[in-house]
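Peer 1: Questions regarding the structure given below will be posed in turn.
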């Protein structure tokens, strides 16, 4: 085979592989087949060091996982292309006794075996992805068949390259052609039918029950300092409660689990008096509690955007454990297990805090899929990684538990650091003093977990002196607090401003700069802007 023809064969296989993978992806969304790029990406993310993963999360957020899945898909398509070159060079002639399409069907077993018996087990998803986090017992049993269907689609798309074009067709050839057409049509119809079936899974991703989007709720300024009515703070004030669609998201999944509430259950077991299993309706029927709580990602940088605030409604963890007979005397840790394979543990003392809960509503709407439908943990004072999403089991243990991120080196305490965020003015912006009454408003929000915020201060002289900002009363003791300071008659030119927080216990945040790994970022937030007259 010449280099040019080899490239042509590779491209044909690559394109056919992409089509097959696209069909495979639809089946995956419907929960009908595993998706090799997803499994490969998950295995890769599990072994890369935090020093590599962390910049991607910080710089790209959710896009990091999506970009990774695209790259993994292109690599998988390249594998199809390489296998096609091997087939064209070494196998096609040896199978010359078979019809063209029959050769390709035989060839389709090669990626079926390679991915099904090698890649999926290496990735930890067992043979043909049977142990994938999204797989139900009934669906996993059909994975070898549906995954073989994917390879048949690959063969179908590739077949024109190997179909001879004759000027005339003899009767025997005509019969063979009709037979081939029927075979291809049957596979195409089977593929289309499976695709339509998978739309049920796709549709569930967008159904009102699992993807309801809460909107911004009106902010009460009646008892707030007058500065918060300044139009320059409208954006900050309006964002005190984060809409569901804007709430930050970090997860181990590229494709969010689409959980059917009718088939979901919550198990509470371990060191409890009476282990119990609850349906979705039974969880909702327990006494409810509501709390405004801020979540921050442990990967959030100083002045970063991986922090959001919402209203949560659910069941107190203490009530849930009590309903299951209460914890035994040797209980020490409470562990959350999620449908996607995620797990995390918190000390029993944290679980029994009055505000700790499992929530099923977010901003008065059912949890969106991206934020844990049907149930997620809400553990105030701890970074978001400690509040598991898509919870299916809560177990009480007698010893410390190392969860998904903790086994990768992140903090097992997960206590949020006291931090200030400056949102106004934005760093690098220019403020026209003539158009703003000769003043600049420095503002943002401060967060200290469940310790609360007692004071925020601003410095424009490199920390030599500090001016106290005004605080808007927070929505609860576990949310961020909006703050603002009006700097009258600042000098023209470039200005460098710091902010620092004193928490509710009187402890001033540290000025020591620390990276996010492993305990979360510390240090003073700062912005640089230019004032002009």
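Peer 1: Taking the highest mean first, how do the peptides 258-267, 460-469 order by number of other beta carbon atoms within 10 angstrom per residue?
Peer 2: 258-267, 460-469
Peer 1: Let me ask another. Please find the FRET efficiency linking residue 286 to residue 260, where r is the Cβ-Cβ separation and R0 is fixed at 25 Å, and quote it to the nearest 0.05.
Peer 2: Given R0 = 25 Å and the Cβ-Cβ separation, E is 0.75.
Peer 1: Just want the ordering: 336, 529, from fewest to most Cβ atoms lying within 10 Å of their own Cβ.
Peer 2: Ordered from fewest to most neighbouring Cβ atoms within 10 Å, 336, 529 come out as 529, 336.
Peer 1: Compute the helix-to-body angle for 3-29: its Cα long axis versus the longest principal axis of the chain, expressed 0 to 90° and rounded to tens.
Peer 2: It works out to around 60 degrees.
Peer 1: Still on this structure, I have one more. Under 14 Å from a point 7 Å along the Cα-to-Cβ line of residue 426: which residues of region 227-262 have their amide N that close?
Peer 2: 235-236
Peer 1: Moving to a separate point now. Helix-derived [θ] at 222 nm for the chain: sum -39500 (n - 2.57) over DSSP H runs of at least 4, divide by residue count, nearest 500?
Peer 2: Only helices count here, giving -10500 deg cm²/dmol.
Peer 1: To continue, here is another question. Could you tell me how many degrees, from 0 to 90 and to the nearest 10, lie between the Cα long axis of helix 137-158 and the main elongation axis, the longest principal axis, of the Cα atoms of the chain?
Peer 2: Once rounded, one gets 60 degrees.
Peer 1: On to the next question. Would you mind ranking 356, 533 so that the residue whose beta carbon has the fewest other beta carbons within 10 Å leads the list?
Peer 2: In order of increasing Cβ crowding within 10 Å: 533, 356.
Peer 1: Hey, could you pull the Cα Rg and Dmax for region 246-347, both in Å?
Peer 2: 15.9, 46
Peer 1: Could you grab the relative contact order for the chain? Cα pairs under 8 Å, six or more apart, rounded to a whole percent.
Peer 2: 13
Peer 1: Give me the angle, in degrees from 0 to 90, between the Cα long axis of helix 50-60 and the longest principal axis of the Cα atoms of the chain, rounded to the nearest 10.
Peer 2: Tilt relative to the chain: about 80 degrees.
Peer 1: Further, regarding this structure: What is the gain in length, in nm to one decimal, between residue 245 and residue 269 on full extension, counting 0.36 nm per residue of separation less the C-alpha to C-alpha distance?
Peer 2: The residue 245-residue 269 span can extend by a further 5.3 nm.
Peer 1: Let me understand the chain better: what is its radius of gyration from the alpha carbons, and its Dmax, in angstrom?
Peer 2: Every Cα atom of the chain included, Rg and Dmax give 28.5, 97 Å.
Coordinate-derived values only; no laboratory data. Since the structure is predicted, the reported quantities are computational estimates derived from the model, not experimental observations. Here the Cβ is made from the backbone with ideal geometry for all residues, glycine too, and neighbour counts use every protein chain on show.
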